[in-house]
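Below you'll find the structure, written out as structure tokens, and then a few comments.
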């Protein structure tokens, strides 16, 4: 096996505690608009809406604002609320206020990056998202300056798991894919996508929810499975 010279990372739910911030944002808007409603089930429902409509954005079915509007409309539909474009965008901005206020890193993020730096391993990020929005998270959580390159699908026009986004990142570092690894919280999008591009795919299964079938798929592709960045 080649010596690893480059460690590339996903951002949301890998380095950055996205889901915790999402829950804070949803709890915030529900407390304002529907204080008697238990936020828990609706936070899970928001996760499903995010997964569905963000996937539509990644495939080009919706533009970036369109997926935001669709998520807002879908979330408020059970409450009997219908939103036009302007109202949907404003509601999403209100949600983002609470989301942004809860931005944080996982506790294992900085120790992992510090160990890699001490070992002379170069680091970068590949994220499916808009560059400006992802950079705002990086700056707000103190990650700025820790990565040589940040590749965002919104700027490149290519999304994970397309091999070209992984190849592009490796080319920026002038490191062959065989000498790079990629760590992400999604098996197919992150770990298998990276493995198909020739990198060592690493699946960060923080909650140990992998099924036997998923573990078999990972093993077949040479993907490593870890449960914390401390294992990297």
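Of all residues in the stretch 103-134, those that are touching a strand residue (DSSP E or B) at 6+ places or on another chain (Cβ under 7 Å) and part of a helix (DSSP H, G or I) total 4. The test for being crowded, with 18+ Cβ neighbours inside 10 Å and either under 17 Å from the mean Cα position of the chain (by Cα) or at pLDDT 95 or above (or both) does not hold for residue 171. Residues that are part of a helix (DSSP H, G or I) and surrounded by 21 or more Cβ atoms within 10 Å (Cβ to Cβ) were ranked within the stretch 186-199; the one that is farthest from the chain's Cα centre (by Cα) is 195.
Within the stretch 62-114, the set of residues being more than 19 Å from residue 136 (Cβ to Cβ), modelled with pLDDT of 95 or more, under 22 Å from the mean Cα position of the chain (by Cα) and surrounded by fewer than 14 Cβ atoms within 10 Å (Cβ to Cβ) comprises 107, 111, 114. Set side by side, the residues 151, 202, 183 differ, and just one is surrounded by 19 or more Cβ atoms within 10 Å (Cβ to Cβ) and touching a residue at least 60 places away in the same chain (Cβ under 8 Å), which is 183. Among the residues of the stretch 42-53, is any in contact (Cβ under 8 Å) with a residue 40 or more places away in the chain and surrounded by 13 or more Cβ atoms within 10 Å (Cβ to Cβ)? No, every residue in the stretch 42-53 fails to be in contact (Cβ under 8 Å) with a residue 40 or more places away in the chain and surrounded by 13 or more Cβ atoms within 10 Å (Cβ to Cβ). Checking each residue of the stretch 208-227 against the condition of being part of a loop (DSSP other than H, G, I, E, B), in contact (Cβ under 8 Å) with a residue 40 or more places away in the chain and in contact with a helix residue (DSSP H, G or I) (Cβ under 9 Å, 6 or more places away or on another chain) gives no match.
Taken over the stretch 25-41, the residue count meeting the criterion of being surrounded by fewer than 20 Cβ atoms within 10 Å (Cβ to Cβ) and either in a helix (DSSP H, G or I) or in contact with a strand residue (DSSP E or B) (Cβ under 7 Å, 6 or more places away or on another chain) (or both) is 8.
The values are calculated or read from the model by the stated rules, or taken from the named source; none is laboratory data. Just so it is clear, the model here is predicted, and its values are computed rather than measured. Don't worry about glycine lacking a Cβ; one is built from the backbone with ideal geometry, like all the others, and counts go over all protein chains shown.
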